[in-house]
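First the structure, in the form of structure tokens, and then the observations on it.
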Amino acid sequence: MKYDIFISYRRDGGYDTAKHLYDLLIRDGYKVSFDIDTLRSGDFDVQLLTRIEQCKDFILIVDAHAFDRTLDPSFDPSKDWLRCELAHALKLNKNIIPVFLAGVSGFPEDLPADVVGVVKKNGPEYNKYYFNNFYKTLKYKFLKSWSIKKKVLVALIPLIICTLVVFPFLYPYIISKESAPTPVEEPDIVFWQNPLDPHVTNEKELREFLISHLDEVAPSQIGGDPYYTNDAFHYWNSLNDANSQLNVGLCYLVGYGCDVDKTKAIEYISDAANNESVFAQYVLGVCYYNGIGVPKNLTHAEQWLENAADGGKIVEARCDYGIFLAIIYNTNRAGQYLMWSSEGCYAKAHYVIGYFYGNSGNLNEFYKYMQMAADQGYIYADMAMLSLYSNMYRANNYFDIIDIDIDTILERLTSYMGSEIDQVKYILAEYYYSTADMNKSFELLCESVRLGHPKAMHDLALFYVNDHPCCDYDSKKAMELFHQSAELGYTQAMDKLGQIYEKGLLGVTKNPQEAEKWHKMVSKDIIYQQNKQLQQFMQAQQYSQQ
């Protein structure tokens with residue numbers, strides 16, 4: 001296979017960005033060399049040289065530690081693959097495009113002679129919050145390679161010219177008087193999901209859960225400090241029982257005592273799952289649901305989650321399978337599994353049941369289950385209670401229904417203000433807005449926006465176009481925020497942009513094409529549509545306590 005583009009990166013620090021670019025470029029019809037870890041064995045491999053020689057473009061992912069080995073005089077240059085790749089690309093005068101990640105503004109000084117030429121190379125400005133703009137700039141201004149689509153178009157040029165020559169003679173016979181509408185460009189967006197909505201365990205949550213599990217099992221199996229993970233990894237790898245296969249797989253999945261290798265992780269975890277390890281079946285189901293180490297496959301996800309939920313008393317499996325059933329099938333069976341998980345004192349299950357009761361209008365049951373989750377330290381339960389409280393406070397009908405301990409909730413949430421959970425500041429901003437403390441709400445929204453919270457961007461934009469004393473009217477700033485929010489996948493911001501461009505609001509000229517673009521994006525948000533179903537889930541069917 002001949003490649004157009006070669007992506008060079010450090011596995012620790014640059015993998016996620018490299019993989020994201022690879023996926024997008026492959027989707028857009030480029031032939032990209034990326035999955036090269038299997039080629040990196042022993043000395044610098046001749047296959048890599050061949051791939052670089054084939055490519056027109058050489059994308060270099062530069063993270064904060066990309067050149068640490070290169071600058072280390074004690075490190076064998078022949079083992080420094082990134083350096084070898086870059087040196088070969090420079091030697092062949094390839095189109096080298098550096099991509100500087102967060103915290104990196106340029107190349108380090110004193111680079112070795114074989115790679116120092118890279119300092120003269122330029123690339124597009126990388127920003128994860130404006131990734132779409134970065135990617136378009138990369139594709140249209142920096143890449144010299146042609147996608148398969150473009151190659152096909154060039155091949156069709158003779159036919160196109162022939163058509164243009166013949167067209168004037170055919171024109172009188174064309175019946176239609178209207179030209180075809182101009183295609184509407186659809187932005188590449190991963191839709192944002194509110195972390196307060198019920199969801200099957202995602203990759204970040206799975207990683208935290210697995211590290212906690214490995215910390216627990218490592219000392220019990222090999223003795224001593226759980227942080228001696230190399231010893232634990234090699235111990236498990238020497239055995240062949242289901243539990244050891246599982247633990248080796250988990251180590252590969254989270255990089256515990258070894259390098260992260262999701263493909264190997266799935267191999268070991270699959271072996272353990274087929275050897276009747278219920279825990280492995282649960283992890284495998286989550287991996288298939290999220291596409292971790294395997295292509296996303298809801299059929300396989302359902303199979304393994306159901307096996308785990310039915311095969312043991314793993315409360316996490318029962319909860320996630322219940323959520324899966326609610327999201328995908330909207331079935332009452334979901335309640336049965338969620339209740340089983342809740343009876344096992346699993347905080348997330350308490351939370352999800354409370355969420356569904358809240359959507360059904362049964363606020364006493366909502367508060368009961370949310371309080372059970374909050375008592376176990378589940379911070380999202382406090383956020384859900386405060387969010388509902390804020391909405392009902394504005395409607396002036398909350399206090400007649402339940403007696404919520406708002407002071408305790410505010411105290412707990414405020415203690416999380418310095419955490420990485422940007423949703424906390426947004427929920428507090430929502431609360432202060434409901435109590436008419438606009439200055440405090442505005443301040444917290446600004447902080448949430450700084451942390452990259454899409455919903456906060458949307459709400460802050462509303463401040464700039466409504467009559468609020470804490471800020472001046474600024475339709476330009478509001479439009480910037482609406483666009484930022486929409487580009488980060490927040491559906492309501494997309495909906496707002498559709499209305500603005502359709503009706504010519506906020507001083508914006510009417511633009512039917514732009515309006516259509518955002519309206520179509522809203523209609524394609526599957527999660528948004530699923531959440532509408534979830535809100536109706538408990539209205540039609542109540543959970544059985546039996």
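Quick note: the coordinates plus some simple rules give every number you see, no bench work behind them. Please read all numbers here as calculations on a predicted model, not as lab measurements. Quick reminder, even Gly has a Cβ in these numbers, built from the backbone with ideal geometry, and neighbours come from all protein chains shown.
Points to keep in mind about this one:
- At R0 = 51 Å, FRET efficiency that the Cβ-Cβ distance of D472 and K79 yields, to 0.05: 0.30
- ³J(HN,Hα) computed for each position of the stretch 373-385 - Karplus, 6.51 cos²θ - 1.76 cosθ + 1.60, integer Hz, glycine/proline x: 5, 5, 5, 9, x, 7, 4, 5, 5, 4, 5, 5, 5
- Net charge over other residues, Cβ less than 12 angstrom from the Cβ of A326 (K, R count +1; D, E count -1): -1
- Over the stretch 407-487, the hull volume per residue, using the convex hull of the C-alpha atoms, is 78 Å³.
- Mean separation of Cα contacts under 8 Å (6+ apart) over length of the stretch 5-149, as relative contact order %: 27
- Size of charge dipole - the stretch 5-149 - debye, nearest 20, with Cβ of Lys, Arg +1 and Asp, Glu -1, no other charges: 820
- Within the shell of other residues whose beta carbon sits under 12 angstrom from the beta carbon of Y464, the net charge comes to -3, with Lys and Arg scored +1 and Asp and Glu -1.
- Viscosity 0.692 mPa s, temperature 37 °C, Stokes-Einstein D of the stretch 194-344 from Kirkwood C-alpha radius, µm²/s: 211
- Highest-first arrangement of 469-475, 371-377, 381-387, 60-66, where packing means the average Cβ count within 10 Å: 381-387, 60-66, 371-377, 469-475
- At 1.002 mPa s and 20 °C, Stokes D of the stretch 5-149 from Kirkwood alpha-carbon radius, µm² per second: 139
- In this structure, the amide hydrogen of I97, modeled 1.01 Å from its nitrogen in the peptide plane, lies closer than 5 angstrom to those of F58, I59, L60, counting only residues at least 5 positions away or on a different chain.
- Measuring against 19 Å, Cα to Cα, the residue pairs K56/K79; K31/K262; K91/K121; K2/K31 contain K56/K79; K31/K262 as the ones spanning a longer distance.
- Classification of the stretch 316-359 by its C-alpha gyration tensor yields an oblate form. The axis ratio a/c (a ≥ b ≥ c) is 1.5 or more, and b/c is at least a/b.
- For the stretch 283-295, 3J(HN,Hα) per residue [Karplus equation, 6.51 cos²θ - 1.76 cosθ + 1.60, θ = phi - 60°, Hz, x = Gly/Pro]: 4, 5, x, 5, 5, 5, 5, 9, x, 9, x, 9, x
- Net charge in the neighbourhood of L305 (other residues with Cβ under 13 Å of its Cβ; Lys, Arg +1, Asp, Glu -1) is -3.
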